[in-house]
Amino acid sequence: MARTPRGQQTREEILAAALREFAARGYQSVTVEEIAAAAGVTKGAVYHWFSDKDDLGRELQHQLYERMSAVAAAAFVPGGDLVDDMSRAFQTWLAAVGDLGEARFFLRDAWVIPALDEGGRTDHEAAVDLVRSVLEQAVDRGELAPLDPDATARILTGAWAEATLFVLRTGRRAEAVAVIERLVGALRPTPTTARTVTPQEAPA
């Protein structure tokens, strides 16, 4: 097994300590000095890896996004039904949320912290781009109703985010799953599905 370089190990220890402090005391209450002390390193070591506390927070948030995205992506079956895949991915995502421990802080609270919200929006746009690409291909294959992929991607990712917050705040997972399944299920094509309306054809 390859060993983690000492410098990289220090960086990960700083991130882990910061996450513990943020989750226990709230993001705004924690200082770089306190993070350094919790990690057992000097303040200079923290600044070697991160420009400030917000930079550190954004890195934690991005790591969480990548981790959760990988969990959701693993639920997709190559060549499978996209609607079933999306429903399964959401349920897998929520199951993973329950195992996040201290990292739940970022999913629940980061959006109200301006410095972290900026980084979160970047990751959100990446998610929208990915969903849009998947939807475009599915529409072209006739697997989904011919709705505008950009609008559909943004609405779905927004609903996904809000459903996640709902579960984090209430613990009511079944209700959130039922709503998401109804939303994605409505994307299936039907004999009466209208063709896509282009921006040029839309009423003024």
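Taken together, the values in this text are just the output of simple stated rules run on the coordinates, not laboratory data. Just so you know, these numbers come straight off a predicted model, no measurement behind them. Backbone-built Cβ (ideal geometry, glycine too); neighbour counts: all protein chains shown.
With θ taken as phi - 60° and the Karplus curve 6.51 cos²θ - 1.76 cosθ + 1.60 applied, the whole-hertz 3J(HN,Hα) list for region 166-183 is 4, 5, 4, 8, 10, x, 8, 6, 4, 5, 5, 4, 4, 5, 4, 4, 5, 5 Hz, x standing for glycine and proline. Over region 76-199, the Kirkwood radius and the radius of gyration, each from Cα atoms, give a ratio Rg/Rh of 0.99. Per-residue ellipticity at 222 nm computed for the chain from its helices equals -22500 deg cm²/dmol, with DSSP H segments shorter than 4 residues left out and the rest contributing -39,500 (n - 2.57). Counting every C-alpha pair in region 141-188, the share spaced more than 15 angstrom apart comes to 48%.
Counting neighbouring Cβ atoms within 10 Å and putting the fewest first, the residues R25, R58, R20 line up as R25, R20, R58.
Just to confirm the number: angle between the C-alpha axis of helix 53-73 and the first principal axis of the chain, 0 to 90 degrees, nearest 10? Once rounded, the angle reads 40 degrees.
For region 1-50, the Cα gyration tensor yields ellipsoid semi-axes of 21, 12, 7 Å (square root of five times each eigenvalue, largest first, whole Å).
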